[in-house]
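A short write-up of the structure that comes next.
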Amino acid sequence: MTGSGETVRGRVLWSVGGIYEVEVNGETIECPLRGRLKREKGIGRVAVGDEVELEKMLDGSCVITGVLPRSARLSRRSADGRREQIIAANVEQLGAVFSVAQPEPVGSQIDRFLVLAESSGITAFLVVNKVDLEGAANELELFGIYERIGYDVLYTSAKRGKNIEELRDHLVSRITVFVGPSGVGKSSLLNALQPGLGLRVGELSRALERGRHTTVAARLHPLDAGGYVVDTPGLGRIRFWEMGERDLDRCFPEFGPYLGECKFDDCAHVHEPSCAVVEAVESGDVSPRRYESYLKILEEGEEGRAC
Ligand code: GDP
Ligand code: ZN
């Protein structure tokens with residue numbers, strides 16, 4: 001096919017079987033990759049979330065001819081543990097959604113999602129949904145820890161429409177991945193943000209759960225207010241990628257002031273003498289519950305880490 005020489009830029013929303021759904025000036029078009037690009041070194045595969053350059057063909061179709069540099073990406077380990085699979089490129093933030101009750105929040109699960117974000121260089125924030133439910137006070141205390149160590153925590157009720165504006169403001173002009181246990185209200189929140197959006201996301205996830213072993217790419221959903229939310233099929237079983245043993249302590253921001261203060265440079269903050277992190281836990285400056293999560297994830301070793 002003959003090219004027109006005219007190029008445009010777009011954002012990859014989804015891909016399946018070598019065809020890419022690309023958003024160009026607010027419209028969604030389907031296009032293949034130019035053969036030459038597939039063999040270029042360094043780029044690997046074009047991922048969902050990538051910004052791409054396209055060339056318009058004389059018949060009106062488009063071909064992807066180039067990929068712009070990527071910022072942070074969310075990746076997982078392939079099933080055999082050897083390869084990196086990019087879930088989405090250019091992800092700017094991870095919103096971990098929990099509820100005050102039904103289901104009750106589990107601290108260690110919150111910590112895993114935060115470590116996943118930190119290890120990928122992605123900003124994380126927490127969404128605490130269902131604040132309309134009775135008896136929420138105890139559970140709310142759990143989230144205070146995260147506010148104190150610097151995470152944004154949004155308290156919402158999808159049911160009552162509480163703080164939905166605040167959540168929407170948080171998403172504008174960024175690419176956000178939502179994660180969290182099922183039943184906490186992710187679809188309901190997305191529907192409150194933009195009618196119809198949660199339905200699409202929920203349906204896709206359910207369809208993918210049925211076909212467990214198929215690896216299907218995440219999908220970017222454009223928001224009317226600008227920005228995207230990413231649907232992440234199978235993220236419930238994600239195995240972390242790209243985190244060396246030595247780096248886990250850096251995924252706990254409240255350890256920050258103590259790193260480098262331990263007696264040993266390569267201190268793992270477990271049994272070593274004169275460990276500044278352990279001392280901070282003992283003096284109450286670091287939450288013992290958070291430290292337990294650190295030990296647990298450390299113990300699992302690089303291969304076993306998942307959330
Ligand atoms: P998802 O699995 O995380 O996508 O959760 P859903 O959006 O499907 O919601 C799970 C259940 O929680 C549904 O029965 C919703 O009606 C309910 N739910 C969602 N948000 C709220 C909320 O803010 N308050 C209350 N009380 N229930 C909610
Ligand atoms: Zn130490």
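Hey, among V153, V172, which residue is free of Cβ contacts under 8 Å to residues at least 60 places away in the same chain, within 25 Å of I86 (Cβ to Cβ), surrounded by fewer than 19 Cβ atoms within 10 Å (Cβ to Cβ) and of a type outside the set (S, T, N, Q)?
Sole residue among the options that is free of Cβ contacts under 8 Å to residues at least 60 places away in the same chain, within 25 Å of I86 (Cβ to Cβ), surrounded by fewer than 19 Cβ atoms within 10 Å (Cβ to Cβ) and of a type outside the set (S, T, N, Q): V172.
Looking at this structure, is V63 among the hydrophobic types (A, V, I, L, M, F, W, C), touching a residue at least 60 places away in the same chain (Cβ under 8 Å) and either over 18 Å from R9 (Cβ atoms) or part of a loop (DSSP other than H, G, I, E, B) (or both)?
In short, no.
Within the range 207-237, how many residues turn out to be surrounded by 12 or more Cβ atoms within 10 Å (Cβ to Cβ) and modelled with pLDDT of 60 or more?
15
Hey, S4 hits all of (1) under 29 Å from S120 (Cα atoms); (2) in contact with a strand residue (DSSP E or B) (Cβ under 6 Å, 6 or more places away or on another chain); (3) modelled with pLDDT under 85; (4) not charged (D, E, K, R) but one; which does it fall short on?
Result: S4 fails condition (1) only.
Looking at the structure I just gave you, is E254 at pLDDT 95 or above, more than 25 Å from E92 (Cα to Cα) and surrounded by 11 or more Cβ atoms within 10 Å (Cβ to Cβ)?
On the way: at pLDDT 95 or above: yes; more than 25 Å from E92 (Cα to Cα): no; surrounded by 11 or more Cβ atoms within 10 Å (Cβ to Cβ): yes.
Spelling it out, it is not the case that E254 is at pLDDT 95 or above, more than 25 Å from E92 (Cα to Cα) and surrounded by 11 or more Cβ atoms within 10 Å (Cβ to Cβ).
Taking the options I122, I164, I110, name whichever one is crowded, with 16+ Cβ neighbours inside 10 Å and either in contact (Cβ under 8 Å) with a residue 60 or more places away in the chain or more than 16 Å from ligand 1 (Cβ to nearest atom) (or both).
I122
Just give me the residues in the range 94-148 being under 19 Å from I164 (Cα atoms) and assigned to a strand (DSSP E or B), in sequence order.
Listed by number, the residues that qualify are L94, G95, A96, V97, F98, S99, A124, F125, L126, V127, V128, N129.
Among the residues of the range 78-105, write down those that are touching a Pro at 6+ places or on another chain (Cβ under 8 Å) and surrounded by fewer than 19 Cβ atoms within 10 Å (Cβ to Cβ).
P103, the sole residue that qualifies.
The values are calculated or read from the model by the stated rules, or taken from the named source; none is laboratory data. These numbers were taken from a predicted model, which means no experiment stands behind them. All Cβ positions, glycine included, derive from the backbone under ideal geometry; neighbour counts span all protein chains shown.
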